[in-house]
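A.B. asks: Before I ask anything, here is the structure I am working with.
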Amino acid sequence: MKHLAAWRLAWLVSCGLAAAACNQAGTEPPPPPPTPSICGNGVIEEPEQCDDDDTIGDLTCDRWCELACGNGTVDDGEACDPVTGAGCPTTCDDGDPCTLDAVADVDCQSACLHTAANTEVCCSSGSSVGSPACESTVYAYRLTSFKLRDPHAFIELSVCSDITDVGSLAINRQYADNINEDNDSDGYLDYSPVLLLEAAPILATAGDEIAMHFNFANCIAGGACSPSGLDIAAPAIVVASGTCLDIDEGTLGGYTPGLVEPAAACIVSTPTTASLSLGGIPLVLEQTQISATLVGDPAQGMINGVIRGFLTEATADATVIPLSLPLVGGKKLSIMLPGGTPGNGKNCALHDDRDTYDGQLGWWFYVNFTAVRVDWLVAP
């Protein structure tokens with residue numbers, strides 16, 4: 001109403017003393033100019049393409065209220081875009097009889113996963129039939145992607161910024177680089193989490209317990225892996241049908257892209273306490289479980305994998321971020337998490353993403369991953 005009144009007053013002034021004559025001549029003021037859109041108010045107004053009630057750029061709606069996924073450009077943090085180039089894959093047949101093909105992830109994160117197949121003429125990792133790798137009773141799966149899905153990490157730059165997927169500091173970009181590169185030139189890829197199963201994950205033994213290890217290994221690009229560093233052990237079972245991992249939707253923050261849940265046939269571990277790394281920051285997670293959809297029988301790869309665990313607020317407040325990390329080095333881990341209030345500080349996000357487990361405040365962490373079978377040089 002104030003906008004309309006101000007516009008009408010301006011029109012009368014422009015008419016001056018001739019305003020009455022204008023009206024008598026039948027001249028009415030032109031339609032008022034449109035009200036300017038406000039990006040971040042949660043209402044899609046022209047010329048906005050989206051408005052998710054904030055001005056924080058993410059993978060769906062950027063800080064200018066323009067669509068990100070589906071905008072015709074492969075932006076930071078995206079693997080593809082459905083309306084540019086070849087689009088996003090929906091099928092992934094590479095025509096090679098020695099690979100199993102599957103689409104991993106969804107939307108602008110979709111990617112093809114081709115894993116080596118054990119057949120009469122093929123064996124995982126390119127090994128020949130009859131080699132020790134083909135005959136090994138240890139099934140090793142190196143993670144080929146590792147993406148934090150929940151909670152997101154926020155830090156104060158020029159504005160409060162989500163650094164999970166977008167920007168030069170993006171946590172998931174660091175994971176992708178470290179999984180695929182040897183930046184310290186030591187002959188091994190920089191980040192190689194490997195799932196080890198001491199028996200074949202096959203549907204015929206669904207429900208039987210299998211010893212599982214989660215090892216941070218030494219892996220050669222395109223080659224074999226050997227054990228190194230922390231090893232986490234927990235029994236697991238193959239699930240032939242039904243629910244793989246019981247996820248409480250109330251513990252998810254509604255971020256985009258969202259968590260992709262595994263479907264049967266799958267493997268799922270029993271809860272345990274685990275130490276992981278969040279972009280170089282140590283995490284001690286309680287009730288940690290690992291689950292993934294199996295590709296092949298026995299499995300030659302895993303897709304839509306989930307690592308889930310609970311970080312207590314007390315642990316986050318006591319965890320100091322390494323000084324080597326820019327902007328946040330030396331601060332408490334909880335300063336990066338929505339709802340975190342370490343000491344006199346406070347996370348810059350406007351929302352509180354804390355959960356409650358067993359009477360304790362904290363955050364449920366969810367990671368999506370994919371994995372392919374590799375040769376394992378030493379049994380765990």
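A.B. asks: So, in the range 350-380, of the ones that are in a loop (DSSP other than H, G, I, E, B), at pLDDT 95 or above and buried (at least 16 other Cβ atoms within 10 Å of the Cβ), which residue ends up nearest to the chain's Cα centre (by Cα)?
C.D. replies: Selected residue: Asp353.
A.B. asks: In the range 197-218, how many residues are over 18 Å from Ser291 (Cα atoms), touching a residue at least 40 places away in the same chain (Cβ under 8 Å) and part of a strand (DSSP E or B)?
C.D. replies: Total satisfying the criteria: 0.
A.B. asks: Need the failing condition index for Pro262 against (1) free of Cβ contacts under 8 Å to residues at least 60 places away in the same chain; (2) under 15 Å from the mean Cα position of the chain (by Cα); (3) farther than 25 Å from Val374 by Cβ, just the number.
C.D. replies: Going through the list (1) free of Cβ contacts under 8 Å to residues at least 60 places away in the same chain; (2) under 15 Å from the mean Cα position of the chain (by Cα); (3) farther than 25 Å from Val374 by Cβ, Pro262 breaks only (3).
A.B. asks: Sticking with this one: Would you check if there is a residue in the range 219-234 being within 20 Å of Leu294 (Cα to Cα), out of contact with any Cys (no Cβ under 7 Å at 6 or more places or on another chain), crowded, with 16+ Cβ neighbours inside 10 Å and not acidic (Asp, Glu)?
C.D. replies: Among the residues of the range 219-234, at least one is within 20 Å of Leu294 (Cα to Cα), out of contact with any Cys (no Cβ under 7 Å at 6 or more places or on another chain), crowded, with 16+ Cβ neighbours inside 10 Å and not acidic (Asp, Glu), which makes the answer yes.
A.B. asks: Can you tell me how many residues within the range 331-349 are in a loop (DSSP other than H, G, I, E, B), without any contact (Cβ under 8 Å) to a residue 60 or more places away in the chain and either hydrophobic (A, V, I, L, M, F, W, C) or closer than 21 Å to Tyr139 by Cβ (or both)?
C.D. replies: 0
A.B. asks: Considering each residue of the range 218-244, count those that are modelled with pLDDT of 90 or more and closer than 27 Å to Glu286 by Cβ, and give that number.
C.D. replies: Number satisfying all stated conditions: 9.
A.B. asks: OK, next. In the range 318-347, how many residues are at pLDDT 95 or above and surrounded by fewer than 22 Cβ atoms within 10 Å (Cβ to Cβ)?
C.D. replies: 2
A.B. asks: Here's another thing I want to ask about it. Would the range 284-303 turn up any residue that is in contact with an Asp or Glu (Cβ under 6 Å, 6 or more places away or on another chain), within 21 Å of Gly253 (Cα to Cα) and in contact (Cβ under 8 Å) with a residue 60 or more places away in the chain?
C.D. replies: no
A.B. asks: Still on this structure: Just one of Thr91, Thr55, Thr60, Thr73 is modelled with pLDDT of 75 or more and closer than 30 Å to Cys348 by Cα; which is it?
C.D. replies: That would be Thr73, the only listed residue that is modelled with pLDDT of 75 or more and closer than 30 Å to Cys348 by Cα.
A.B. asks: Quick check on this structure: which one of Ile163, Ile210, Ile179 is farther than 22 Å from Ile232 by Cα, open to solvent by less than 30 Å² (accessible area, probe 1.4 Å) and touching a strand residue (DSSP E or B) at 6+ places or on another chain (Cβ under 9 Å)?
C.D. replies: Criteria check complete, one pass: Ile163.
A.B. asks: Quick one: is Val194 touching a Gly at 6+ places or on another chain (Cβ under 8 Å), of a type in the set (Val, Ile, Thr) and either under 18 Å from Val372 (Cα atoms) or not in a loop (DSSP other than H, G, I, E, B) (or both)?
C.D. replies: no
A.B. asks: Among (1) of a type in the set (Lys, Arg); (2) surrounded by 17 or more Cβ atoms within 10 Å (Cβ to Cβ); (3) over 19 Å from the mean Cα position of the chain (by Cα), where does Arg308 come up short?
C.D. replies: The single condition Arg308 does not satisfy is (3).
The values are calculated or read from the model by the stated rules, or taken from the named source; none is laboratory data. The structure presented is a predicted model; accordingly, all values stated were derived computationally and were not measured. Quick reminder, even Gly has a Cβ in these numbers, built from the backbone with ideal geometry, and neighbours come from all protein chains shown. Side chains are part of the model used for accessible areas, which takes the heavy atoms of the whole protein and leaves out ligands, DNA and RNA. Shrake-Rupley method; radii C 1.70, N 1.55, O 1.52, S 1.80 Å.
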